[in-house]
Amino acid sequence: MSGHRRRRWVVSVVTAVLVAAALGYLIDDQLQARHRYDRAHASLGVTRHQTGTISTQLAGLRRNLGLLTSQVGSDTTALNQDVSQLQGAQAALAAAEAHVSQQSSQITALRTCLGGVERSLNALAVDKQARAIAALQSVSSSCSKAAASG
Amino acid sequence: MVAAVTLCAGLLAAAVWTDVTAHTRARNEETALAAADAHLATLRHDAALTNYAAAVTTGKRNALQGSITTTLGQLATTNAKLSTTTAHALVQGASISTLQTCLGGVQKALGQITAGDNTQAARDVSTVSGPCSLLDGGTNAGLVYPFDFPDPDVILTGQTYFAYATNSVAGNIQIIESTDLTHWAAVGNALPGLPTWAKPHYTWAPALAQVGGNFLLYYAANVTGSGKECISVASATQPQGPFIDRSTAPLECQLALGGSIDPASFVDANGSLYLLWKSGGPGSSKIWSEQLDAAGTAFAPGATATVLLTPGQPWEAGTVEAPDLVTTGGRYVLFFSGNNWDSASYAVGAATCSGPLGPCTDASPGPVLSSGPGVAGPGGPSVFTDRTGAYWIGFHGWVPGAVGFPNNRDLYVRRLTLTGPVPVVAAAG
């Protein structure tokens, strides 16, 4: 083998080795890239599945929250109405109790007054004027009170 | 050679291209994964926030619903109280109306008495009898006339009941009338004038008798100058009066015994007429009987007064008075009052008698009618029959809590049973 040919053979071999090495590297690198892809793809699948699940759950939670918020709104309205009714009823009760109390005082005054007027009538009917006057005087304040509240 | 070079170059170029493509896909996928992870994290965060908000809102809702329940409970309680109070106010309003009506009538009567018109005064009170009855406890105890009507005598003439009583609002002797024993209306003053010997304002305890076509009114009047009561008689052609007394002296007058009061007439089965009365005061009281003449205006010739009853029972406390004699089934039953007339201890007793002139013995150791629900100190008994022949007893009584003159002694009537050895007065209610 001549030197020229030998050199060409060496160059060719070296080139072939270099090409083979480059190819090897590229193939390995490509395999790693595919491996990365596969892992990322698989993870992406899991993530997307979880995203779907969470999205569904979140939608349910938001519906529930919306329902609860709506209930709170209607309950707040109802409570306000009930409180308003209660306040009205309490005011009416206070007024009714005051009225009953005033009536009781009036009844007491009327009864006292009636008793005195009857005693006065009976005493005057048998000409016991002093007793008649005394009977009237003893109930004069009750009669005034009864007349004022009547 | 060239071909080999070209092949190698081609192989290398293809390898580089596919490598770059693989890297690009891997990066793209990793980018997508990162974005998806970020999105997932965001969603998880949102879900956590939403969960928290839901928990807070649930708590708020539960608190609100608790408040609503509490408020509704309070509202129900308040409404129930309001309902009760309103009903109470209605009842009290009715009571006030009743009181005002009754008081109005009594005040009018007082004005008429002051003006000297007893008849109108009696009518004024009579018109408010219904409301005043309610105030005196209603009709359960037998209350029928809620005004001062002491020592009553009740009779039935035709279809009408008449009741007479001691002087008060209507005048010397009060008359009221009824067709059903429940509703009574004022008639007026049975005795517009008094005999000259009688002092006004002390005409007590009337008793009626029908003799022939005449109505006789026995009553007690104060003998001027003596300070004592004695018995007289007036007559009329109708039960409403007016009864006229033309006497110049009392019919019966036991001044030495403290006077004579509480007359009662009695007609025996044979038509004989008797007068019963009471003499004396506490400790010396006696119930007497004496036959009257046929006209009933004087005692029968030769007749003498006989003591029927003296106090003998502890409950009587030394006083027997206000007699009323009735005969049934061949038996004679004497009703009378005992104890202090001005107290709740006053009561009605009964004795059985052999005849109109006695002797009499107590039918029971205690009274047959005493203070009870709706009446205090019942007295002045008057036994009569209704249209069917059934026995009734009329009597006066204080309203419990208003005992003693000048409070009212109201008129009561109750059924009476005389079939047993002891008379039975129907219980209140």
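Things to note:
- Report summary: the helix-based calculation at 222 nm, which adds -39500 (n - 2.57) for every DSSP H run with n ≥ 4 and divides by the residues of chain B, gives -11500 deg cm²/dmol.
- Lone cysteines, chain B (no partner Cβ under 4.7 Å): B:Cys8
- Model label points for A:Tyr25 and A:Gln129, set 7 angstrom from Cα along the Cα-to-Cβ axis, are 14.9 nm apart.
- Neighbouring Cβ atoms from other chains, within 10 Å of the Cβ of residues in A:62-74, number 5 on average.
- Rg of the Cα atoms in the protein assembly as shown, relative to 2.2 N^0.38 Å, amounts to 2.26.
- Simple point charges give the picture: +1 on the Cβ of Lys and Arg, -1 on the Cβ of Asp and Glu, and for the protein assembly as shown a dipole about the Cα centre of about 4340 debye.
- Remark on segment B:163-301: Rg and Dmax equal 14.6, 43 Å (Cα only).
- Segment B:371-419 and segment A:15-90 have their alpha-carbon centroids 97 Å apart.
- Cα-Cα P(r), segment B:330-429, percent of pairs per 10 Å interval: 16, 47, 29, 7, 0
- Within chain B, the longest segment free of exposed loop sites, counting trypsin sites (Lys or Arg not before Pro) that fall outside DSSP classes H, G, I, E and B and have at most 16 other Cβ atoms within 10 Å, spans B:1-245.
- Segment B:142-425 - charge dipole about Cα centre, Lys and Arg +1 at Cβ, Asp and Glu -1, debye rounded to 20: 40 debye
- Extension gain, B:Thr157 to B:Arg27, is 33.7 nm, computed as 0.36 nm per intervening residue step minus the present C-alpha separation.
- Summary of the geometry: segment B:12-47 and segment B:290-366, compared by the centres of their Cα atoms, lie 131 Å apart.
- Shape of segment B:142-425, Cα gyration tensor, a/c cut at 1.5: rounded
- Extension gain, B:Thr58-B:Trp17: 0.36 nm per intervening residue step, less the Cα-Cα distance, totals 8.8 nm.
- Average partner coverage of B:204-214, which counts Cβ from other chains inside 10 Å: 0
- Kirkwood hydrodynamic radius of segment A:69-127, Cα pairs, Å: 15.6 Å
- Value at 222 nm in deg cm²/dmol, rounded to 500, when DSSP H runs of n ≥ 4 in chain A each add -39,500 (n - 2.57): -35500 deg cm²/dmol
- Rounded to the nearest 10 degrees, the inclination of helix B:118-127 to the longest alpha-carbon principal axis of chain B is 30 degrees.
- Crossing angle, helix B:2-114 versus chain B [Cα axis fit, 0-90 degrees, rounded to tens]: 10 degrees
- Pairs exceeding 29 Å between alpha-carbon atoms, taken from B:Lys199/B:Lys286; A:Lys145/B:Lys199; A:Lys145/B:Lys108; B:Lys60/B:Lys81; B:Lys108/B:Lys199: A:Lys145/B:Lys199; B:Lys60/B:Lys81.
- Near B:Thr352, once Lys and Arg are set to +1 and Asp and Glu to -1 for all other residues with Cβ below 11 Å from its Cβ, the sum equals 0.
- Among B:Thr114, B:Pro423, B:Ala141 the positive-end extreme of the charge dipole of the protein assembly as shown (Cβ point charges): B:Ala141
- Two-site FRET efficiency, A:Arg63 against B:Asn79, from Cβ-Cβ distance with R₀ of 51 Å, rounded to 0.05: 0.85
- Cut-off under 5 Å, modelled amide H: who pairs with B:Ala347 long-range: B:Gly338
Just so you know, all these numbers are worked out from the coordinates, no wet-lab data involved. Just so you know, these numbers come straight off a predicted model, no measurement behind them. Please note: Cβ atoms are built from the backbone with ideal geometry, for glycine as well, and neighbour counts cover all protein chains shown.
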